[in-house]
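K.L.:
Questions regarding the structure given below will be posed in turn.
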Amino acid sequence: MQIKTYKTTPYDDQKPGTSGLRKKVKVFQQSGYLENFVQSIFNSLEDFQGKILVLGGDGRYFNRQAIQIIIKMAAANGFGELIIGQGGLLSTPAASNVIRKYRAFGGIILSASHNPGGPDEDFGIKYNVGNGGPAPEKFTDALFENSKTITSYQMAEIDDIDLDSVGDVQIDGIKIRIIDPVADYAELMARIFDFDLIKQSIAAGLITLRFDAMHAITGPYAKHILEDVLGAAPGSVFNAVPLEDFGGGHPDPNMAHAHELTEIMFGPNPPVFGAASDGDGDRNMIMGANIFVTPSDSLAIMAANAQLIPAYAKGISGVARSMPTSQAVDRVADKLSLPCYETPTGWKFFGNLLDADKITLCGEESFGSGSNHVREKDGLWAVLFWLNLLARKRQPVEDIVREHWQKYGRDIYCRHDYEAVDADIANGIVEQLRNQLPSLPGKTWGDYSVKFADEFSYTDPVDGSVSSNQGIRVGFANGSRIVFRLSGTGTVGATLRIYLERYERDVRNHDQDPQVALAELIEIAEQLCQVKQRTGRTEPSVIT
Ligand code: G16
């Protein structure tokens, strides 16, 4: 194989964020930009020669071109085998499964997740390690250092590979396998859930459903599993064809962006169950007839009912949630005497806990939930979990949620995002919050008296690594919380996220609209961070 070495100069903005490097497509199209990052990944790895690399993406604009470049670079750098999803497609959880199943050295996933796609929109890339999960911070830090000093990258002089034909190709010392992106994942799901029972419930008309694939990667997965295998009516899965620009939409499964589904579920004659997934298939939104289940509640309900699912029937070892996720799952863990971990935002922080079997289930407020079956969050898995639950409980979604609140109380929750804020202003807001921390404990607004105020820092209980500056927490004596943090996934300016949470034990108050129930906390949050005053905005860009 002919290998050519290209001279390059470093870019100074290749620091991976919460989940890999996400930038505008035009940034990635700059000369050597993608190549520098990929070479920096390989330069940060050891002992991978001759081993397997998995490659796939969510099919967004630039996916195919990027895959051809990465194939040539992986070949030049000495990988022995590449496993690639047909058409260059692999959902993020499916990629995690393929890495684990075929004992790959690691994988490169091309996705900017829920961010829009197209020539003027976003692209992303991240490296996952051999356990199938996102590389830990130690690796991404090393990668960033490498990217600042890189002087050359290597490419094999081979033709573009036909990504559309399933099968093996052997080229000069490297084997390239194009696989069906759905098959391995569908087989894994069938082992976790009671497919026969779900199928019977669908056939009997006890479960009717709509799934919005948002013109993103889960389309083919959901069509196959929900319609072909489980027998949901044709058309139950809609927006099912992945498009490079997601049909011009924003493939983010929340009520703001999955509005078609929201209209169906709150419209006349809604189906029993509704769900949506995101650009790369790792997020989920769960809905029932006339109800939206917050991701935090969904995690808590899953933990409380895990024994009803075949794969978890023998019990779960523990649970974890990201820090800004509501404390609903903590209450379940407490009642079931299960360990419960609070980690920084980012799925990578669950990896060690899952590998060490300290937890079986985990989730985040950002529409992510998952288990030890892979090392990524998994949108369709969450949908199947709920379908299995509905089939076992034979109750509407709303009854399951209300019974849960009755038993554990309700953590009324919402998140306010201020997107594309000037980075200096956003950093100024965080700095000013940080400065207030020592003076906040004891401060009182009506029923809200500050019990603690700190900046979250996490020590991984498995490897002892410390991650600091993970968000500002203000906790109140009545159990309420406000959390402030800057997103690590945006591509324009900075996004300030404000997470608000109030615990309500009294069942008579469980019906409240979160914006009303949280009004006082929303006001306190503004007093603390002054985002409206500092940005001139009158309201958040998105409320979820
Ligand atoms: C990624 C991470 C999640 C995180 C989310 C939001 O998800 O994997 O762990 O919660 O971003 O992060 P941030 O608040 O920093 O924007 P995804 O679905 O975008 O890959």
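The values are calculated or read from the model by the stated rules, or taken from the named source; none is laboratory data. Just so it is clear, the structure is predicted and the values come from calculations on it, not from any experiment. Reconstructed Cβ throughout: ideal geometry from the backbone, glycine too, with neighbour counts over all protein chains shown. All accessible areas refer to the heavy atoms of the entire protein, side chains included, with ligands and DNA or RNA removed. Shrake-Rupley method; radii C 1.70, N 1.55, O 1.52, S 1.80 Å.
K.L.:
What single numbered condition from (1) surrounded by fewer than 16 Cβ atoms within 10 Å (Cβ to Cβ); (2) out of contact with any helix residue (DSSP H, G or I) (no Cβ under 9 Å at 6 or more places or on another chain) fails to hold for T489?
P.N.:
(1)
Table: residues versus (1) under 13 Å from E419 (Cα atoms); (2) within 14 Å of the ligand (Cβ to nearest atom); (3) among the small types (G, A, S).
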| position | (1), (2), (3) |
| --- | --- |
| S468 | no, no, yes |
| I472 | no, yes, no |
| F476 | no, no, no |
| V483 | no, yes, no |
| R505 | no, no, no |
| L518 | no, no, no |
| L521 | no, no, no |
| K532 | yes, no, no |
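K.L.:
E501 fails exactly one of the following numbered conditions: (1) more than 16 Å from the ligand (Cβ to nearest atom); (2) in contact with a Ser or Thr (Cβ under 8 Å, 6 or more places away or on another chain). What is the number of that condition?
P.N.:
The one condition E501 does not meet is (1).
K.L.:
Could you grab the pairs with beta carbons closer than 7 Å, sequence gap of 6+ or different chains, first residue in region 328-352 and in the same structural domain as Q470 (by TED's automatic domain parsing) and closer than 24 Å to V129 by Cβ, second one within 16 Å of the ligand (Cβ to nearest atom) and at pLDDT below 95?
P.N.:
none
K.L.:
Moving to a separate point now. Name the residues in region 375-422 that are within 16 Å of the ligand (Cβ to nearest atom) and open to solvent by 10 Å² or more (accessible area, probe 1.4 Å), would you?
P.N.:
R375, K377, Y413, R415, H416, E419, A420
K.L.:
Looking only at region 126-138, count every residue that is at pLDDT 95 or above, away from the ligand (no atom under 12 Å from the Cβ) and not in a loop (DSSP other than H, G, I, E, B) and tell me the total.
P.N.:
Count: 1.
K.L.:
Against the condition touching a Gly at 6+ places or on another chain (Cβ under 7 Å) and of a type in the set (V, I, T), how does I264 come out, does it pass?
P.N.:
Taking the combined requirement at face value, the residue satisfies it.
K.L.:
Right, something else. If I filter region 265-283 down to residues being within 20 Å of G346 (Cβ to Cβ) and not in a loop (DSSP other than H, G, I, E, B), which single residue comes out as farthest from the ligand (Cβ to nearest atom)?
P.N.:
If we take residues in region 265-283 being within 20 Å of G346 (Cβ to Cβ) and not in a loop (DSSP other than H, G, I, E, B), then S277 is farthest from the ligand (Cβ to nearest atom).
K.L.:
Report every pair of residues separated by at least 6 positions or lying on different chains whose Cβ atoms are under 7 Å apart, first residue within region 220-246 and open to solvent by 50 Å² or more (accessible area, probe 1.4 Å), second part of a helix (DSSP H, G or I).
P.N.:
H224/A186; P234/E227; V241/G219
K.L.:
If we scan region 93-112, do we find a residue that is modelled with pLDDT under 95, under 19 Å from F349 (Cβ atoms) and crowded, with 24+ Cβ neighbours inside 10 Å?
P.N.:
No, because not a single residue in region 93-112 is modelled with pLDDT under 95, under 19 Å from F349 (Cβ atoms) and crowded, with 24+ Cβ neighbours inside 10 Å.
K.L.:
Let me ask something else. Just one of (1) aromatic (F, W, Y); (2) open to solvent by 60 Å² or more (accessible area, probe 1.4 Å); (3) under 27 Å from the mean Cα position of the chain (by Cα) trips up F452, so point out which.
P.N.:
F452 satisfies every listed condition except (3).
K.L.:
From the list A276, A311, A289, A303, which one is of a type outside the set (F, W, Y), modelled with pLDDT of 95 or more and farther than 26 Å from K223 by Cα?
P.N.:
Of the residues listed, the single one that is of a type outside the set (F, W, Y), modelled with pLDDT of 95 or more and farther than 26 Å from K223 by Cα is A303.
K.L.:
Now for a different question. Looking at D172, D168, D212, D245, which one is of a type in the set (D, E) and under 24 Å from N290 (Cα atoms)?
P.N.:
D212
K.L.:
Moving on. In region 185-207, what residues are open to solvent by less than 20 Å² (accessible area, probe 1.4 Å) and within 15 Å of Y102 (Cα to Cα)?
P.N.:
Within region 185-207, Y185, L188 qualify.
K.L.:
Residues of region 284-340 being within 16 Å of the ligand (Cβ to nearest atom), part of a helix (DSSP H, G or I) and not polar (S, T, N, Q), which ones?
P.N.:
Listed by number, the residues that qualify are P295, L299, V329.
K.L.:
Given the residues A420, A426, A382, which is the only one that is under 26 Å from the mean Cα position of the chain (by Cα) and not assigned by TED's automatic domain parsing to the domain that holds G475?
P.N.:
Testing whether each residue is under 26 Å from the mean Cα position of the chain (by Cα) and not assigned by TED's automatic domain parsing to the domain that holds G475 leaves just A382.
K.L.:
Right, another one. Report whether or not H250 is open to solvent by 20 Å² or more (accessible area, probe 1.4 Å), within 16 Å of the ligand (Cβ to nearest atom) and not in a strand (DSSP E or B).
P.N.:
Taking the combined requirement at face value, the residue satisfies it.
K.L.:
Spot the failing condition for G85; the list is (1) in contact with a Gly (Cβ under 7 Å, 6 or more places away or on another chain); (2) more than 15 Å from S44 (Cβ to Cβ); (3) not in a strand (DSSP E or B), and only one is missed.
P.N.:
Going through the list (1) in contact with a Gly (Cβ under 7 Å, 6 or more places away or on another chain); (2) more than 15 Å from S44 (Cβ to Cβ); (3) not in a strand (DSSP E or B), G85 breaks only (3).
K.L.:
A further question follows. Kindly check whether there is at least one residue in region 396-403 that is in contact with a His (Cβ under 8 Å, 6 or more places away or on another chain) and either modelled with pLDDT of 95 or more or closer than 30 Å to P310 by Cβ (or both).
P.N.:
For region 396-403, residues in contact with a His (Cβ under 8 Å, 6 or more places away or on another chain) and either modelled with pLDDT of 95 or more or closer than 30 Å to P310 by Cβ (or both): present.
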